[in-house]
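Notes follow once the structure below has been shown.
The values are calculated or read from the model by the stated rules, or taken from the named source; none is laboratory data. All figures in this text were calculated on a predicted structure; none of them were measured in a lab. Every residue, glycine as well, gets a Cβ built from its backbone with ideal geometry; the counts of neighbours run over all protein chains shown.
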Amino acid sequence: MSSVNDQVTDSVSQIQMLLTGGAPAQSMGMLDVAGTETIGMSMFNAITAQQNSQTSAGAALNASCAKMLRTQTVLHPGSKSKQALEFELQKLQLAEDKIKNELTFKTLVELRKSNKLITQTSLLEAFNTALAEMKTTIAESDKPLLDTVSKSLQGQLNKIV
């Protein structure tokens, strides 16, 4: 067997001691690197999530502003929407029908009261009496409508008899 120099043996022992003594420090260094990388990725994910939420909030705000700008919020004085005009027309038609029905009913009541034979004269007399009675009971605002309805009904009565 050959003999090994004492210096070689000492240097091998010293390197072994160095490696064995440095292992805990090296493992702690690796642990620190892994922890730092994990924290860095967590921060990156948090920032990305915040940016995405800010982008979504900005898009929602833009969409809301665009919708408000497209919507007509104030009507010009004197102008009415189509629905409002249709509603007013329906109200007028209902008021006209109500007046027409009431005038027709009162005419029939007057005819029944007279107990006369129904002739053109008696029918027109009953109609005129019912019309005069309605003119006293109807509101001022509805009188032009009553005049229109009475002319229409009088024309129909003239055709009947």
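Does E88 fit the bill of being surrounded by 10 or more Cβ atoms within 10 Å (Cβ to Cβ), at pLDDT 80 or above, in the same structural domain as G155 (by TED's automatic domain parsing) and not polar (S, T, N, Q)?
Spelling it out, E88 is indeed surrounded by 10 or more Cβ atoms within 10 Å (Cβ to Cβ), at pLDDT 80 or above, in the same structural domain as G155 (by TED's automatic domain parsing) and not polar (S, T, N, Q).
Only one of (1) within 38 Å of the chain's Cα centre (by Cα); (2) surrounded by 10 or more Cβ atoms within 10 Å (Cβ to Cβ); (3) of a type outside the set (G, A, S) is not met by Q26, so which one is it?
(1)
If the requirement is being closer than 30 Å to G155 by Cα and part of a helix (DSSP H, G or I), which of these qualifies: A84, A60, A49, A95?
One residue alone meets the criteria, A95.
Filter region 111-161 down to the residues that are touching a helix residue (DSSP H, G or I) at 6+ places or on another chain (Cβ under 9 Å) and part of a loop (DSSP other than H, G, I, E, B), then identify the one that is modelled with the highest pLDDT.
Residue satisfying both the conditions and the ranking: I138.
Quick one: which of T104, T55, T20 is within 30 Å of S150 (Cα to Cα) and in a helix (DSSP H, G or I)?
Exactly one of T104, T55, T20 is within 30 Å of S150 (Cα to Cα) and in a helix (DSSP H, G or I), namely T104.
Would you point out the residue of region 99-130, among those that are without any contact (Cβ under 8 Å) to a residue 24 or more places away in the chain and among the charged types (D, E, K, R), that is surrounded by the most Cβ atoms within 10 Å (Cβ to Cβ)?
Here the answer is E110.
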